[in-house]
Amino acid sequence: MSEAGGGRGCGSSVPQRAPWSLVAATAAFCLVSATSVWTAGAAPMSREERQKLGNQVLEMFDHAYGNYMEHAYPADELMPLTCRGRVRGQEPSRGDVDDALGKFSLTLIDSLDTLVVLNKTKEFEDAVRKVLRDVNLDNDVVVSVFETNIRVLGGLLGGHSLAIMLKEKGEYMQWYNDELLQMAKQLGYKLLPAFNTTSGLPYPRINLKFGIRKPEARTGTETDTCTACAGTLILEFAALSRFTGATIFEEYARKALDFLWEKRQRSSNLVGVTINIHTGDWVRKDSGVGAGIDSYYEYLLKAYVLLGDDSFLERFNTHYDAIMRYISQPPLLLDVHIHKPMLNARTWMDALLAFFPGLQVLKGDIRPAIETHEMLYQVIKKHNFLPEAFTTDFRVHWAQHPLRPEFAESTYFLYKATGDPYYLEVGKTLIENLNKYARVPCGFAAMKDVRTGSHEDRMDSFFLAEMFKYLYLLFADKEDIIFDIEDYIFTTEAHLLPLWLSTTNQSISKKNTTSEYTELDDSNFDWTCPNTQILFPNDPLYAQSIREPLKNVVDKSCPRGIIRVREESFRSGAKPPLRARDFMATNPEHLEILKKMGAASSIDAEDGLRFMQEMIELSSQQQKEQQLPPRAVQIVSHPFFGRVVLTAGPAQFGLDLSKHKETRGFVASSKPYNGCSELTNPEAVMGKIALIQRGQCMFAEKARNIQNAGAIGGIVIDDNEGSSSDTAPLFQMAGDGKDTDDIKIPMLFLFSKEGRIILDAIREYEEVEVLLSDKAKDRAAILKGKMIPSYIINSNPEMENEEQPSSENDSQSAEQITSSSQEVDLVDQGSPEESSLNSQPESLSPADTDNAASVSPSEQISNPMENHETTSLDGECTDLDNQLQEQSETEEDSNPNVSWGKKVQPIDSILADWNEDIEAFEMMEKDEL
Ligand code: DMJ
């Protein structure tokens, strides 16, 4: 890479301490991009295919950005299901997530430098003009200091960095006069009052207009902040200082970092998740590399790269050593306690840690990066996306997925480091899944539940700032990008800051550093640059050889909870400690060990403590394993055609939808509606799925009554007006304490808002057909053999993306337009690639509500099954064959042997029809849905 004004690294001014100049910009800075000729493993991907994928990313970006600009701008974010802007205060509060929204056109600002990376220079110019014309940074709104820094300040600085680059090139942005930088400075000053604490750690929130503490500010009383919140400022603040010469920003960010470093737990060298901003006490003493801490580590290493200050590297290396000693259990990364780092703090991992392999590439530690990335990829292959949290034995812990970019980020860096085409294939899968499962007519919607495929009305700005950048860069060649990406470093929000800042306005760089660093024992630090030539000597299959043993880590193995091995004990010949999962009360040796725990030595005491903790975790995990995952109710009849997926609670009795094929049928309300006595309308529910209201008798009794009337399934709808799975924990319907084997039909539970969608649909369309299943089914499978309008057939994003037909093609297209409705037999038609129906199930996500469901006393509710509680990902581990069988069935479902290529419809008409669908959704949403 170019030295570009002096980023740190090999061959730059301080060679023995700055080994990384080669790749700082791509952040794969320890590694020369490897482009070896592959002899085996993943087949190389042709330039043509990479270009095709790159174009697909461009089209997807246009779809997301275009819909934001058309339907949401100047709002902060797009709500892709209802196709409107998310304006804070006008939508029900979502809690902390909303603190990113400052009424400053967040998505536009966050997208600025993505436009340039994606070669959309004209659009960039236009976007910058809009920011300058429309954005107000002085709103009376309380925002997160962290989010505002990484997304808005970072977005403005990234935009400025590329604006001056373009201006210098001489074609675009000739009118630009540092206006974005002026805005950034204005915003920087607005954030400074947050640092008015004795510790120098910032308050977590600030009022953009009134600052902190003033009565009208409505903030400033907080006592705690997260480590990442206080420790992820230095890149943006230092860049702001160095761009403007105003040193105060870098000083404040350094002071906060110094304080965090001071407060690290001295024996473990780890930091906790939250800290008291006044006293510096750790409030949460658990420590990992994911939520709450992640970008603190990232910024220490990147601050070294950008600013060339050794103290940041020393701190990073000290923490990294601790992370690898205590938290890293390849391929897992597990939180521990800072004071007792041998004790795991939890048995699950969160999705945010997916950035860590990318950071390890930056550090030059490739092996664990490959291992963790591979494990994450296998979880993704199971669920199409990475759930927000998953357990050590790969069960879904929290099923949401807000289209986070961290995994794509790590994939990009691993590809840059290894040159292994495997990572291109990974990227291709990410693209396919986004198009298939998250794409909706008005953008891309977050997954509300990766298990059911239901959506949330949400498209976060980081999706545009980061996801498209990393995906595009993954497939791009140097010449596909109009500037040298290696002259820049990525912030945590993937904004680009030029490396030449390291030699600009350095006046404060040493002023605030403590003298402590020289005291550190850094003998174990790796100061040299591992380079691909050494890492993969004559062995292009290096990465593959690391992945190979992990091939089935998620699918086939069933690791139980904590798997730490204390190697020292084994090496000295000592017996491994007794683990809770192995304990048998009938084993005298185990009882003897148990007796000794806590008595003889500190090691025994530690074992005892851990044993107790594991016992507790194991028992609560086992309890959770009894619980069933949520189910899906998918409306498959006109005009929904499988796009509406409702999250439903399962029943502990009746047909188990995870073991059997789905149940499909028209719905009918039962009489009496509560289903508590023999039905008076058996002819109406016979052969149908009966709707019953919750309350007044047991769930099992309702099931028996509708079954006796001939129903093939039942949906119980909550009687608590306004309840929704968005806000109330899902639960499973328990039996009546007696034998329920006589109940053969499937039963599902819907909260009131979701149930209302079906009731409204009946009112409007009379005949409403639904599919009860464990997971939303692909629309191609749903529509098999049905009368469907051609626009549904042809609504494939790939087709929309196809080049505008030439006039020759136009006439051909006209001939190929089918009638508005046609019988489709999906079985014998062409290749899955051309299928338009496997493009995306899309759902109407019920809006938030403040009303949580309450439990009717007459019904037995089993343990609450909250969204964020552990449920089995794919059935029991012991039932692997079944799982594989089911998986292959699902795969068949989602890849029907279909060809839709011949049924072409003009794009306008397709869009008009999509709009009709959206109107149908909106109609259903009138009751605040
Ligand atoms: C982004 O806003 C940033 O990457 C942040 O550091 C944490 N992750 C989100 C996106 O998931």
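The values are calculated or read from the model by the stated rules, or taken from the named source; none is laboratory data. Everything numeric here is computed off the predicted structure, so don't read it as measured data. Heads up, the Cβs are rebuilt from the backbone with ideal geometry, glycines too, and the neighbour counts pull from every protein chain shown. With ligands, DNA and RNA removed, areas are computed over all heavy atoms of the protein, side chains included. Shrake-Rupley method; radii C 1.70, N 1.55, O 1.52, S 1.80 Å.
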Identify, from the list 289, 273, the residue that is within 16 Å of the ligand (Cβ to nearest atom), surrounded by fewer than 24 Cβ atoms within 10 Å (Cβ to Cβ) and either among the hydroxyl-bearing types (Ser, Thr, Tyr) or within 23 Å of the chain's Cα centre (by Cα) (or both).
273
In the range 451-478, how many are within 16 Å of the ligand (Cβ to nearest atom), open to solvent by 10 Å² or more (accessible area, probe 1.4 Å) and part of a loop (DSSP other than H, G, I, E, B)?
2
Give the residue that is most open to solvent (accessible area, probe 1.4 Å), with candidates limited to residues of the range 143-161 that are in contact with a Pro (Cβ under 8 Å, 6 or more places away or on another chain) and within 13 Å of the ligand (Cβ to nearest atom).
146
Sort through 320, 304, 326 and tell me the only one that's hydroxyl-bearing (Ser, Thr, Tyr), more than 25 Å from residue 494 (Cβ to Cβ) and away from the ligand (no atom under 16 Å from the Cβ).
326
Selection within the range 162-177 - aromatic (Phe, Trp, Tyr) and either touching a Pro at 6+ places or on another chain (Cβ under 9 Å) or under 14 Å from residue 496 (Cα atoms) (or both):
none
Contact list please: Cβ distance under 7 Å, first residue in the range 367-388 and at positive phi, second residue at pLDDT 95 or above and open to solvent by less than 10 Å² (accessible area, probe 1.4 Å), pairs at least six apart or on different chains.
384/450
Does residue 705 fit the bill of being open to solvent by 10 Å² or more (accessible area, probe 1.4 Å) and either farther than 19 Å from residue 760 by Cα or of a type in the set (A, V, I, L, M) (or both)?
yes
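Given the criterion modelled with pLDDT of 95 or more, over 22 Å from residue 107 (Cα atoms), of a type outside the set (A, V, I, L, M) and away from the ligand (no atom under 16 Å from the Cβ), identify the matching residue among 427, 443.
Residue meeting the stated conditions: 427.
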Determine, yes or no, whether residue 188 is within 16 Å of the ligand (Cβ to nearest atom), open to solvent by less than 10 Å² (accessible area, probe 1.4 Å), under 20 Å from residue 496 (Cβ atoms) and in contact with a helix residue (DSSP H, G or I) (Cβ under 6 Å, 6 or more places away or on another chain).
no
With the structure loaded, tell me whether residue 355 is crowded, with 23+ Cβ neighbours inside 10 Å, of a type in the set (Phe, Trp, Tyr) and either away from the ligand (no atom under 16 Å from the Cβ) or assigned to a strand (DSSP E or B) (or both) or whether it fails that test.
no
Looking only at the range 100-123, which residues are part of a loop (DSSP other than H, G, I, E, B) and open to solvent by 10 Å² or more (accessible area, probe 1.4 Å)?
103, 119, 120
Here are some conditions: (1) more than 30 Å from residue 219 (Cα to Cα); (2) among the polar types (S, T, N, Q); (3) under 27 Å from the mean Cα position of the chain (by Cα); (4) in a helix (DSSP H, G or I). Residue 161 meets all but one. Which one does it not meet?
(3)
Residue that is outside any helix (DSSP H, G or I), under 28 Å from the mean Cα position of the chain (by Cα) and at pLDDT 95 or above, where the choices are 150, 206
206
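Test residue 347 against the stated conditions and say whether it is open to solvent by 10 Å² or more (accessible area, probe 1.4 Å), at pLDDT below 95, over 13 Å from the mean Cα position of the chain (by Cα) and polar (S, T, N, Q).
Here the answer is yes, as residue 347 does meet what is asked.
In the set 361, 396, 426, which member is of a type in the set (A, V, I, L, M, F, W, C) and farther than 23 Å from residue 490 by Cβ?
None of the others qualify; the one that does is 396.
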Across (1) touching a strand residue (DSSP E or B) at 6+ places or on another chain (Cβ under 8 Å); (2) under 30 Å from residue 319 (Cα atoms); (3) of a type in the set (S, T, N, Q), residue 219 clears everything bar (2)
In the range 402-450, the residues that are surrounded by 23 or more Cβ atoms within 10 Å (Cβ to Cβ) and in a strand (DSSP E or B):
440, 443, 444, 447, 448, 449
Residue that is most open to solvent (accessible area, probe 1.4 Å), among those in the range 203-226 that are out of contact with any Asp or Glu (no Cβ under 9 Å at 6 or more places or on another chain) and within 16 Å of the ligand (Cβ to nearest atom)
226
For the range 67-80, which positions are open to solvent by 30 Å² or more (accessible area, probe 1.4 Å) and outside any loop (DSSP other than H, G, I, E, B)?
69, 70, 71
Give the residues of the range 389-401 that are over 15 Å from residue 438 (Cα atoms) and either away from the ligand (no atom under 16 Å from the Cβ) or crowded, with 24+ Cβ neighbours inside 10 Å (or both), sorted by residue number.
390, 391, 392, 393, 394, 395, 396, 397
Just to be sure, is residue 236 open to solvent by 40 Å² or more (accessible area, probe 1.4 Å) and out of contact with any strand residue (DSSP E or B) (no Cβ under 6 Å at 6 or more places or on another chain)?
no
